[in-house]
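> Submitted below is the structure of interest, expressed as structure tokens.
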């Protein structure tokens, strides 16, 4: 708004407002000629109240999703299935724990499980695996032998090894046998080097004087 200070305009007389007969209407009446201001006035508290309401609704939905059925509400068939899942869960966890404990430092990470949901809404382990490092130790057959033995013990550690466990144990035995052959060859080569005949001239003369020459060789030398 522009204001001209050189030519002030006389102020118009302000009419005196008389109090209304019904002051209650004056306090309860809201302006309606500016819909934007009315919308802003009503939307702000609406947004503030909707947020906790939505959070409560999400919490209720999440709680309903995660609700577990008590065993007392299950049928006999569901209870029988639940007992099987519980037994399987204990068996799988004990099986993989035995693998990991026997593998020691050769185990890679924690045991991994696959789950099935039971009639009670809970998850039960029905399968699992433990990753074990089965690689050879390059240049050290003795260390490879020890590692292969550890792997075989880890594969056979559970009470009832699986077919995959037997396969891993067989591979460990093969790795051990190859390492033993490699170790035997290296030991043989080292033994041959330590018992090799001397090659210096002095040693050759001493060796010739120590042993009599064959008759034929001696005749050939005199002639």
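> Considering each residue of region 118-133, count those that are touching a helix residue (DSSP H, G or I) at 6+ places or on another chain (Cβ under 6 Å), surrounded by fewer than 15 Cβ atoms within 10 Å (Cβ to Cβ) and touching a residue at least 40 places away in the same chain (Cβ under 8 Å), and give that number.
0
Rundown of residues vs (1) surrounded by 10 or more Cβ atoms within 10 Å (Cβ to Cβ); (2) in contact with a strand residue (DSSP E or B) (Cβ under 8 Å, 6 or more places away or on another chain); (3) at pLDDT 85 or above, yes/no style:
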{"site": "163", "(1), (2), (3)": "no, no, yes"}
{"site": "170", "(1), (2), (3)": "yes, no, yes"}
{"site": "179", "(1), (2), (3)": "yes, no, yes"}
{"site": "186", "(1), (2), (3)": "yes, no, yes"}
{"site": "202", "(1), (2), (3)": "no, no, no"}
{"site": "205", "(1), (2), (3)": "yes, no, no"}
{"site": "214", "(1), (2), (3)": "no, no, no"}
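> Identify all residues within region 100-111 that are under 21 Å from residue 90 (Cβ atoms) and surrounded by 12 or more Cβ atoms within 10 Å (Cβ to Cβ); write none if there are none.
Correct list: 100, 101, 102, 103, 107, 111.
Per-residue answers, yes or no, for (1) surrounded by fewer than 15 Cβ atoms within 10 Å (Cβ to Cβ); (2) touching a residue at least 40 places away in the same chain (Cβ under 8 Å); (3) under 16 Å from the mean Cα position of the chain (by Cα):
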{"position": "74", "(1), (2), (3)": "no, yes, no"}
{"position": "80", "(1), (2), (3)": "yes, no, no"}
{"position": "84", "(1), (2), (3)": "yes, no, no"}
{"position": "92", "(1), (2), (3)": "no, no, no"}
{"position": "95", "(1), (2), (3)": "no, yes, no"}
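> Please enumerate the residues belonging to region 125-166 that are closer than 30 Å to residue 82 by Cβ and not in a helix (DSSP H, G or I).
125, 126, 127, 128, 129, 130, 157, 158, 159, 160, 161, 162
> Can you tell me which residues in region 134-161 are under 13 Å from residue 98 (Cα atoms) and either touching a strand residue (DSSP E or B) at 6+ places or on another chain (Cβ under 8 Å) or in contact (Cβ under 8 Å) with a residue 12 or more places away in the chain (or both)?
Result: 150, 151, 152, 153, 154, 155, 156, 157, 158, 159, 160.
> If residue 48 satisfies every condition in (1) modelled with pLDDT of 95 or more; (2) more than 30 Å from residue 172 (Cα to Cα) but one, which is the exception?
Among (1) modelled with pLDDT of 95 or more; (2) more than 30 Å from residue 172 (Cα to Cα), the lone unmet condition for residue 48 is (1).
> Would you confirm whether any residue within region 107-117 is touching a helix residue (DSSP H, G or I) at 6+ places or on another chain (Cβ under 6 Å) and not in a helix (DSSP H, G or I)?
yes
The values are calculated or read from the model by the stated rules, or taken from the named source; none is laboratory data. A quick note: this is a predicted structure, and the numbers were derived from the prediction, not measured. Backbone-built Cβ (ideal geometry, glycine too); neighbour counts: all protein chains shown.
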